[in-house]
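The values are calculated or read from the model by the stated rules, or taken from the named source; none is laboratory data. What you are looking at is a predicted structure, and each value in this text was computed from that prediction instead of being measured. Cβ placement follows ideal geometry from the backbone for every residue including glycine, while neighbour counts extend to all protein chains displayed.
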Amino acid sequence: MTAAVFFGCTFIAFGPAISLFLFTIARDPLRVIFLIAGAFFWLVSLLLASLVWFISVQISNKDSATQQKGLLIFGVVLSVLLQETFRFAYYKLLKKANEGLLTLSQEETMPISIRQLAYVSGLGFGFMSGAFSVVNILADSVGPGTVGIHGDSQHYFLSSAFMTLAIILLHMFWGIVFFDACEKQRWWAVAAVVISHLTVSCLTFQNPEYVGSLVPTYVILFLMGVWAFYSAGGSLRNLKLCITCKDRDFLLANHRPR
Amino acid sequence: MDLLSNKWIVNLLVCCLFIGVGCNSVEKKIYVHLNYTVPCVRLLNATHQIGCQSHLSGNVGVLHVLESEENVDWVLRSGPNPPYLVILESPLFTRSIMMKLKNGSSRVAGVAVVAPSANPLEGVSPHTTCPNENTGVYTENYDPSLAHCNVTVWNPLGSGLSYEQFDFPIFSLKDDNDTQVIRQCYMDHNRAVNGSTPQYPLCAMQLYSHMSAVTDTATCMRRNDINFSISPEMVCDPLGDYNVWASTRPINNTAKGHKMWESVVIAAARLDSRSFFFEVAPGAESGVSGFVTLLAAAHALRNATQEAPPNRTILYTFFQGETFDYIGSSRMVYDMQNNNFAVDLDNVHSVLEIGQVGLRADSRLWLHSDPVSRKNDSVNAEVRKLIESLQTAAKGLNVSVNEPGFSQPLPPSSFQRFLRARPIPGVVIEDHQSAFTNRFYESMYDNAEYLNISYPPNLTPEEQLVFVTDTAKVATVVARALYIQAGGAESQLEGINADPQIVTRMLYGFLIRSNNSWFQQRIPPDFMSHLSKPTNFYVGVAQQRSELTHLVQYLLANLTGSTNNVASSLQMYSYVWVQGAAPPNSTKREGFCVRSTVRLSKALSPAFDLRDYTSKNYSTWTESRWKSIKGRIFLVASHDLEVVDRVRAARFAKEILITIISVNPDLFKVLFGFSPFLYCVIFLFVHIIGLQSEKAQSPPQRDLPSPTENTVHKLLQTALL
């Protein structure tokens, strides 16, 4: 449906993520590198999952609809588990890299904390996941037509964009919670992250009942956001200080000459 | 490392497979592609361009099925969602409606005509009323009182639609499942119930038929010659093909120019025809009836001309491109004048042309001749003799041949081009006394049904092939008349008879189904694949060989030639290897060599050899080139929102920014990053509000889609792959 839908949906899906990138990551080259590496790890996990799914589809009976549906569910579950596995693998890699960086650099302290790495890697996973979710839909939204001639819902583009937004932010929150849980050896928290990821992915099987899939997803997003905020060290006091711009530590750290 | 490299190889292979196998399912949710699309294309001549044009990125219009002529007002004035793409049933495809749509073309995105399965009752002809009026022999110089159809309007039912220029695409759709989907989509989404305006989303269609050439032939030929790159972009091609000719006595084809002691009687017929739409040209009465008669006559004369050869040679000529200002015949006359043909105009004794002879009411044939050249006594005497030969030939055959009975110019015929060169005696055989009896001249309804070629319903194709219909008498008359005119003895006339079986099979093959066993036995093996395409009598561009020309060539070779297994003198004869029939026990065909005098001669207008693209004497018709011809249907959401939400969003954002800057400059920086987010929030609100509100006011005129979205789409696609 031409440029308006295209730009609208792009900004809906990627707007907050891009602004987070621009404001918190873009200035520090080390963070950018780890973001891109995180995105690459997600990509490899998708590649493995798609390899398995492709082979299983070729082997299966293409005419049986129930078998194809079952295969799809299997593919989704496998993909989620692989993504979380690669998140764990990335965590391990980052731990090793951090020690190596420390020995290489001249400074005493680590140039980047594990919390920042959690945030950055989560956002990297989110970017790549969002890109693969929504870019081909955006490409078709540029044409003159909109979804609906076969009776599908018209809100296809919009709900895809909102779902992508939710997934990107969720990946970021999951990254923070996951890394924090791995640091503190809290395996129940890791399991909770995996289960919430599975829940969100399986909620999409409700589509085209978009209310049924989007509303729970946003509820989970909100809850994960609160959890990530607390596990990253935030508290109500910090929040109040930040909003009223009285947080001296933050201001000092980010002071720039005018 | 081994395992890893294996994994990557497998990954790579899988990726390649996936790209090949996967297709875009989002696109399938949005668009329904049309399978059968027949466009109208742009043709250009020395002064005009005719036909249809679309935008480079296709024309998008909201579907509207036109119910009556008054309903055109909805499209042109009162409809709230222009531009419209009008679906016409074929009775409404008339000149008055099309001219109205043409004048309102800012609100019309295109037209799709649903072709009916049966012919209409009243006559419809999109051709002009006076076909080929400027390139025949009747010009102001020759005889001003006869020019421009002053005496007889040959095609009174002609609306001239084929020669109009339209700024929107016009496609023809078959009345099948696809069209039913279109109608259903219109019923479900676009129908205005009880005077209320239809709500978005509306059903729309996009048609692509962008033509590269503009203005006229001289412009497009000049643009063809621009050589800026290694592979220059051609924009148009001249129309043309090959003429087929054969002679009863072999003529040396390598020695061009005048042949001493050779006196030739030309028997001419026309091969091609056209209609409004591209490559839809059934041409049953206007073309097929004539050349099938001549083919049957040539076969009938085979034995007589071998056993008792007459004094003069009979030259059978089948001209291509006659619909477009006599391309084939003008080229042959030009070649004869410039000593580029096996004989020249001094060798031509007389001309007998077979025009439209299919619809013989009461079995009457009319013999037309040119009154101006007959003012000369010697020419008049020869014409009288020719008419007498025809009347002698028709005796006892229950066919009456008469002259029209009053002074009337020749109908549009290839013979006119010969008369332009010099006054040759000649007669044109037609089935109409003055105006055409063909009610569907050069239209898509001029098909087998119009000639009443019907078969009992339960015959297989093979049985239909041999079901005899009564059509061979005219061919017998023509054959006998040619024999007498060539100087043969009247005693031989009884033995000259056209074979009704052959006539019936040819009519079946050319009008209904060319992929039949009789045709298959008479063509070379590599021509088999060309038979499966439906027969199309449009002349086409000169580079593309028309299947029809070759089919006529091989048939003529089989009907007039003899089996011969040694290819000896190529100057006098031509040799064709035909695949023949398979004997009853085996499946392998037994081919054989046919020797005949059949040749092809180029039928390209002399204007292109002389590079005179504004010529008034020769045909200058060219056909534009195009990139893609396709169509698809989909739903469009309200485009009203695009304008509205941008304005609202801009205003809203400006207010917020101003308040933020005044309160806290640091916060401004943070929020600036979220302005894309704000845009999308606003877009969401407006979208939800827009979906629930009524469309009370008429939306502003929508700009037609620009190329930018096309490029964005392409960029995204390349980025993805």
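With respect to B:PHE319, is the statement that it is within 29 Å of B:HIS432 (Cα to Cα) and either modelled with pLDDT of 95 or more or touching a His at 6+ places or on another chain (Cβ under 7 Å) (or both) true?
So B:PHE319 fits the description; yes.
Condition first: more than 15 Å from B:LEU600 (Cα to Cα), surrounded by fewer than 22 Cβ atoms within 10 Å (Cβ to Cβ) and in contact with a strand residue (DSSP E or B) (Cβ under 9 Å, 6 or more places away or on another chain). Now tell me which residues in the range B:534-557 satisfy that.
Of everything in the range B:534-557, just one residue is more than 15 Å from B:LEU600 (Cα to Cα), surrounded by fewer than 22 Cβ atoms within 10 Å (Cβ to Cβ) and in contact with a strand residue (DSSP E or B) (Cβ under 9 Å, 6 or more places away or on another chain), namely B:VAL541.
Looking at B:GLN206 and the list (1) closer than 29 Å to B:GLY110 by Cβ; (2) in contact with a Phe, Trp or Tyr (Cβ under 9 Å, 6 or more places away or on another chain); (3) assigned to a loop (DSSP other than H, G, I, E, B), which single condition is not satisfied?
Every listed condition holds for B:GLN206 apart from (3).
If the Cβ limit is 9 Å and pairs must be 6+ apart or interchain, which residue in the range B:170-184 that is in contact (Cβ under 8 Å) with a residue 60 or more places away in the chain pairs with which residue that is among the hydrophobic types (A, V, I, L, M, F, W, C) and part of a helix (DSSP H, G or I)?
Between residues of the range B:170-184 that are in contact (Cβ under 8 Å) with a residue 60 or more places away in the chain and residues that are among the hydrophobic types (A, V, I, L, M, F, W, C) and part of a helix (DSSP H, G or I), the close pairs are B:ILE170/B:MET98; B:LEU173/B:ILE182.
Just checking, how many residues over the range B:353-371 are closer than 21 Å to B:ALA246 by Cβ, aliphatic (A, V, I, L, M) and in a loop (DSSP other than H, G, I, E, B)?
So the answer is 1.
Can you tell me how many residues within the range A:102-120 are surrounded by 15 or more Cβ atoms within 10 Å (Cβ to Cβ) and more than 20 Å from A:VAL44 (Cα to Cα)?
Going through the range A:102-120 one residue at a time, the tally reaches 4.
Filter the range A:115-159 down to residues that are of a type in the set (A, V, I, L, M), assigned to a helix (DSSP H, G or I) and in contact (Cβ under 8 Å) with a residue 60 or more places away in the chain, then give me how many there are.
Of the residues in the range A:115-159, 9 are of a type in the set (A, V, I, L, M), assigned to a helix (DSSP H, G or I) and in contact (Cβ under 8 Å) with a residue 60 or more places away in the chain.
Counting only residues that are within 14 Å of chain A (Cβ to nearest Cβ) and among the charged types (D, E, K, R), which one in the range B:179-228 is nearest to B:GLU164 (Cα to Cα)?
B:ARG183
Residues A:TYR91, A:TYR119: which one is hydroxyl-bearing (Ser, Thr, Tyr) and within 21 Å of A:THR164 (Cβ to Cβ)?
Details: A:TYR91 fails: within 21 Å of A:THR164 (Cβ to Cβ).
The conditions single out A:TYR119.
A:THR244 is checked against (1) over 24 Å from A:TYR90 (Cβ atoms); (2) more than 14 Å from chain B (Cβ to nearest Cβ) and fails just one. What number does that condition carry?
Answer for A:THR244: the failing condition is (2).
Answer yes or no: is there a residue in the range A:100-113 that is away from chain B (no Cβ under 14 Å), of a type in the set (Gly, Ala, Ser), at negative phi and not in a helix (DSSP H, G or I).
Among the residues of the range A:100-113, at least one is away from chain B (no Cβ under 14 Å), of a type in the set (Gly, Ala, Ser), at negative phi and not in a helix (DSSP H, G or I), which makes the answer yes.
If you check every pair at least six apart or on different chains, which have Cβ atoms under 7 Å apart with a residue in the range B:471-491 that is under 19 Å from B:ALA269 (Cβ atoms) first and a residue that is part of a loop (DSSP other than H, G, I, E, B) and basic (Lys, Arg) second?
Every condition considered, the pairs that remain are B:ALA486/B:ARG312.
Taking only the range B:282-311 into account, find how many residues are in a loop (DSSP other than H, G, I, E, B) and surrounded by fewer than 24 Cβ atoms within 10 Å (Cβ to Cβ).
Going through the range B:282-311, the residues in a loop (DSSP other than H, G, I, E, B) turn out to be B:282-283, B:308-311.
So of that shortlist, the ones also surrounded by fewer than 24 Cβ atoms within 10 Å (Cβ to Cβ) come out as B:308-311.
The number of residues fulfilling the criteria is 4.
So which of B:ARG222, B:ARG191 ends up being of a type in the set (Lys, Arg) and modelled with pLDDT of 90 or more? Break it down stepwise before answering.
Numbers: B:ARG191 fails: modelled with pLDDT of 90 or more.
Every option except B:ARG222 fails the conditions.
Say whether the condition of being of a type outside the set (Gly, Ala, Ser) and exposed (fewer than 12 other Cβ atoms within 10 Å of the Cβ) is met by at least one residue in the range A:70-83.
Filtering the range A:70-83 for residues of a type outside the set (Gly, Ala, Ser) gives A:71-74, A:76-78, A:80-83.
Next cut, exposed (fewer than 12 other Cβ atoms within 10 Å of the Cβ) only: none.
No, the range A:70-83 has no match at all.
Condition first: under 15 Å from the mean Cα position of the chain (by Cα) and under 17 Å from B:ASN103 (Cβ atoms). Now tell me which residues in the range B:164-175 satisfy that.
Start the filter on the range B:164-175 by keeping residues that are under 15 Å from the mean Cα position of the chain (by Cα), which leaves B:170-172.
Within the range B:164-175, B:ILE170 is the sole residue that qualifies.
In the range B:326-352, which residues are on the phi < 0 side of the Ramachandran plot, among the polar types (S, T, N, Q), outside any helix (DSSP H, G or I) and in contact (Cβ under 8 Å) with a residue 24 or more places away in the chain?
B:ASN340, B:SER350
Each row is one residue, and each column tells you yes or no for (1) outside any helix (DSSP H, G or I); (2) at pLDDT 90 or above; (3) more than 14 Å from chain A (Cβ to nearest Cβ).
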position	(1), (2), (3)
B:TYR36	yes, no, yes
B:THR47	yes, yes, yes
B:GLN53	yes, yes, yes
B:VAL60	yes, yes, no
B:PRO80	yes, no, yes
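Within the range B:342-370, work out how many residues are surrounded by fewer than 22 Cβ atoms within 10 Å (Cβ to Cβ) and either out of contact with any strand residue (DSSP E or B) (no Cβ under 6 Å at 6 or more places or on another chain) or of a type in the set (Asp, Glu) (or both).
8
Answer yes if at least one residue in the range B:186-194 is of a type in the set (D, E, K, R), surrounded by 15 or more Cβ atoms within 10 Å (Cβ to Cβ) and either in contact with a strand residue (DSSP E or B) (Cβ under 7 Å, 6 or more places away or on another chain) or assigned to a helix (DSSP H, G or I) (or both), and no otherwise.
No, because not a single residue in the range B:186-194 is of a type in the set (D, E, K, R), surrounded by 15 or more Cβ atoms within 10 Å (Cβ to Cβ) and either in contact with a strand residue (DSSP E or B) (Cβ under 7 Å, 6 or more places away or on another chain) or assigned to a helix (DSSP H, G or I) (or both).
Any idea which of (1) more than 9 Å from chain B (Cβ to nearest Cβ); (2) modelled with pLDDT under 90 is the one A:SER129 doesn't satisfy?
It is condition (2) that A:SER129 fails.
Residue by residue through the range A:15-46, note down the ones that are facing chain B (nearest Cβ under 8 Å) and either touching a Phe, Trp or Tyr at 6+ places or on another chain (Cβ under 7 Å) or crowded, with 22+ Cβ neighbours inside 10 Å (or both).
Within the range A:15-46, A:GLY15, A:PRO16, A:SER19 meet the criteria.
Which of (1) touching a residue at least 60 places away in the same chain (Cβ under 8 Å); (2) touching a Pro at 6+ places or on another chain (Cβ under 6 Å); (3) hydroxyl-bearing (Ser, Thr, Tyr) does B:THR135 not meet, given it meets every other one?
The single condition B:THR135 does not satisfy is (2).
Just the residues that are more than 10 Å from every other protein chain (Cβ to nearest Cβ) and within 20 Å of the chain's Cα centre (by Cα), please, taken from the range A:47-59.
Listed by number, the list holds a single entry, A:ALA49.
So which residues in the range A:132-156 are facing chain B (nearest Cβ under 7 Å) and over 27 Å from B:HIS189 (Cβ atoms)?
A:VAL135
Filter the range B:566-604 for residues that are within 31 Å of the chain's Cα centre (by Cα) and under 21 Å from B:VAL343 (Cβ atoms) and give the result.
B:SER574, B:SER596, B:THR597, B:VAL598, B:ARG599, B:LEU600, B:SER601, B:LYS602, B:ALA603, B:LEU604
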